[in-house]
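Have a look at the structure below before the remarks.
The values are calculated or read from the model by the stated rules, or taken from the named source; none is laboratory data. Note that the structure is a prediction, hence the values are computed from the model and not measured. Every residue, glycine as well, gets a Cβ built from its backbone with ideal geometry; the counts of neighbours run over all protein chains shown.
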DNA sequence: ATGTCTTTGTGAACGCGTGCACAAAGATGG
DNA sequence: CCATCTTTGTGCACGCGTTCACAAAGACAT
C-alpha cells in the first residue's frame, strides 16, 4: 500500500485470468519484433494478427492489465513491452537450474529463448558422475549431490526437470525441499507437489498423440470409415469376458462411422 | 491453437471434447503402467489419482468413449488400454519427419516416447549440407532438398518442426504442400496454415514465462508488496508517449527470439 | 433370491473463456 | 469549436469444461 491511490481496479495483480497470462508471452514476442523494427505504435488488429489471436480477445486481455492504449491510435509498442514484461515478472532475473543433462537437457541449456527473457541458467545438474565437470552450453555440469547447495547459493526458485521418468519425482522432491517453488517438467510423469508449488508440464509424446487423434479423424471423414469400427479387432486383445461382447454388439450397428459417443 | 482459422464450427464431427482428447494420453500412460504390473482392473478413483485428475472428470471423459466400465468393480485395464489406443489412432503406425536437427531435433529423435506409442521416425531433415548423411539416433540425416520426396515416399502426414524461428514458416509451407496435415511446432513463431491442417505448438520460453508470473505473484504476496508495486516507479507518467524512452533503456540488446537450434 | 455394498454413468448447476457489437474516447481536419 | 473518423474498452450472451451429487447397475454374501 504505497500511495493512497484509490483502489486500483480489482483487475490488477490478482484478477488476471490464467488464459490471459498464457497469452501475454505471445503478445510480448510479437511486440518485441515490432520494437526491433522501430514501429512506434500498433493497433489491436495488427498486433492480434501478429500474435495469431482474435483482436477482441487481445483487447480484453490488455484491459486486465489496465488502460494502456490510446483510442483512435493504438498501443505504444515500447510502453506495452515494458508493461507486459513487468506483469510477467521478466524485469528481474530468474536463476534456473536444469536437472538431467541428456539430449533434452542439453538442448534446453542451449536454448536461446531462456537467456533472452530474463532467465539465466544458474546450473546444470546430472546424476551421472561421468558428466560432472563436463561443459554443456558453456556451463560445467555439476553432480546431483550438490543440488541443494546450488539452489541455496543462487536463490533458485525455478527448476527444470529433464530426467528420465523414473527419477523425476525424486528430483522434484529434492528441488522443492531445497526451496524451489516452480517446476517445468519434461519427464513423462505426474509429479506430486505440496501446495504452493507450481508445476507445468511439457509432454512431447502427448502432443503427438493428440495430433494423431485429429489425423485419424480427418482420414476417417474422407474415406467414410474411421477407426471407430476397429472394435471388431478385439478378438486378439485380452478383453474382459462379458464386456467385450457387450461393447462389441453395442457398437456393432451399421458400423457407419458412429463414433464412440452415445447420446443418451 | 496456433493461427489461421483453426476455428472448427464444431461440425459435431465427433462428440469427444477437445479437453478430453488431451487427457486420453494421460490415462493411457497410467493404464500402461498398471498393465505392466499385471493389474487386472482399476477403479476410476485409483486411475484418476495415478493420472493426476479428478475422478468425476475421468468418468465423464470415459463416458464419451462408451460404457467401458463395470459398476461395483471398475475398468478392465487391458481392455481400456486398447480402447483408448484405438480412439487416439495409435493402433496404426504413424511415420513422422523431424525437420531441424539441432540440439532439440536430436533430442526429439532420441526421445523414446515417440517410438513407444505408434510413432516412427521416418526421416530426419536438416538444411545444413554438412549434416547430411550424419547419423543421429541411428538415422542418417537427409537434406532439405529431399523433403518432398521423403514425405511422399513414406506417406508422412505428421511433421515436427525444430528449426530456428526464421525458417519455421517456410518449412511449414513445404511440409503442407507436400501433404503433411498435422504439425508439431517447437519454433517460437506463429505458423500460418491453410484450413484442414492442425498445428500444435510447444514453446519452452512461454512455459517459463508463465511460471515466472506465478512466482512473482507468490513473492509479492509474501512480502506484502509485489510486482504491482513496480508500477509506482512509473506512476509519474500516465501517458504512453513519454514512457517509451524509459522502457527502451531497460531492454538491452536486440536479441529477440533466438531459435532453439542451429544457425539460420 | 434377496439384500447390501461398491462403483459407474450422467443430469444439472456453475464458472470461465470467447466473440460480438457498440458506446465512449480521443485524434484529425476544416 | 464542431464534425468526422478511428480504435479502444467492455457489457452481454453463448458455449465449453468442470464439479457435484445421486440413481442405476452390477458384484457379492447370505
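The residues of the stretch A:71-89 that are within 8 Å of DNA strand D (Cβ to nearest atom) and without any contact (Cβ under 8 Å) to a residue 12 or more places away in the chain, listed by number, are A:71, A:72.
Scanning the stretch B:104-139 for residues being facing chain A (nearest Cβ under 8 Å) and free of Cβ contacts under 8 Å to residues at least 24 places away in the same chain gives a total of 5. Restricting A:24, A:80 to those that are in a helix (DSSP H, G or I), away from DNA strand C (no atom under 13 Å from the Cβ) and within 11 Å of chain B (Cβ to nearest Cβ) reduces the list to A:80.
One residue is enough: does the stretch B:90-103 have a residue meeting the conditions within 14 Å of another protein chain (Cβ to nearest Cβ), in contact (Cβ under 8 Å) with a residue 24 or more places away in the chain and in a helix (DSSP H, G or I)?
At the first step, the residues of the stretch B:90-103 found to be within 14 Å of another protein chain (Cβ to nearest Cβ) are B:90-98, B:100-103.
Still in the list and also in contact (Cβ under 8 Å) with a residue 24 or more places away in the chain: B:90-98, B:100-103.
Next, only the ones that are in a helix (DSSP H, G or I) stay: B:103.
Yes, the stretch B:90-103 contains a residue that is within 14 Å of another protein chain (Cβ to nearest Cβ), in contact (Cβ under 8 Å) with a residue 24 or more places away in the chain and in a helix (DSSP H, G or I).
How about the stretch B:45-59: which of its residues are near DNA strand D (Cβ under 7 Å from one of its atoms) and loosely packed, with under 15 Cβ neighbours inside 10 Å? Within the stretch B:45-59, B:54, B:56 qualify. Taking residues in the stretch B:38-63 that are closer than 14 Å to residue B:84 by Cα, and partners anywhere that are near DNA strand C (Cβ under 8 Å from one of its atoms) and in a helix (DSSP H, G or I), the pairs with Cβ atoms closer than 6 Å and at least 6 places apart or on different chains are B:58/B:44; B:59/B:44.
Each row is one residue, and each column tells you yes or no for (1) surrounded by 21 or more Cβ atoms within 10 Å (Cβ to Cβ); (2) at positive phi; (3) away from chain A (no Cβ under 12 Å).
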| site | (1), (2), (3) |
| --- | --- |
| B:159 | yes, no, no |
| B:162 | yes, no, no |
| B:168 | yes, no, yes |
| B:174 | no, no, yes |
| B:178 | no, no, yes |
| B:189 | yes, no, no |
| B:193 | yes, no, no |
| B:201 | yes, no, no |
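Annotation: residue A:214 fulfils all but one of (1) at pLDDT 95 or above; (2) out of contact with any strand residue (DSSP E or B) (no Cβ under 9 Å at 6 or more places or on another chain); (3) within 9 Å of another protein chain (Cβ to nearest Cβ); the unmet one is (2).
Residue check: residue B:155 meets all listed conditions (1) at negative phi; (2) touching a residue at least 40 places away in the same chain (Cβ under 8 Å) but one, namely (1). Could you tell me whether the stretch B:170-182 includes any residue that is farther than 19 Å from residue B:101 by Cβ and touching a residue at least 40 places away in the same chain (Cβ under 8 Å)? No. Among the residues of the stretch B:28-47, those identified as away from chain A (no Cβ under 11 Å) and in a helix (DSSP H, G or I) are B:31, B:34, B:36, B:44, B:45, B:46, B:47. Of the residues making up the stretch B:54-69, those that are touching a helix residue (DSSP H, G or I) at 6+ places or on another chain (Cβ under 9 Å) and within 6 Å of DNA strand C (Cβ to nearest atom) number 7.
Looking at the structure I just gave you, is residue A:23 modelled with pLDDT under 95 and more than 10 Å from DNA strand D (Cβ to nearest atom)? Show your work before the answer.
Working: modelled with pLDDT under 95: no; more than 10 Å from DNA strand D (Cβ to nearest atom): yes.
Considered against the rule, which asks whether it is modelled with pLDDT under 95 and more than 10 Å from DNA strand D (Cβ to nearest atom), residue A:23 comes out as no.
Applying the condition of being surrounded by 15 or more Cβ atoms within 10 Å (Cβ to Cβ) and more than 6 Å from DNA strand D (Cβ to nearest atom) to the stretch A:60-70 and asking which residue is nearest to the other protein chains (Cβ to nearest Cβ) yields A:65.
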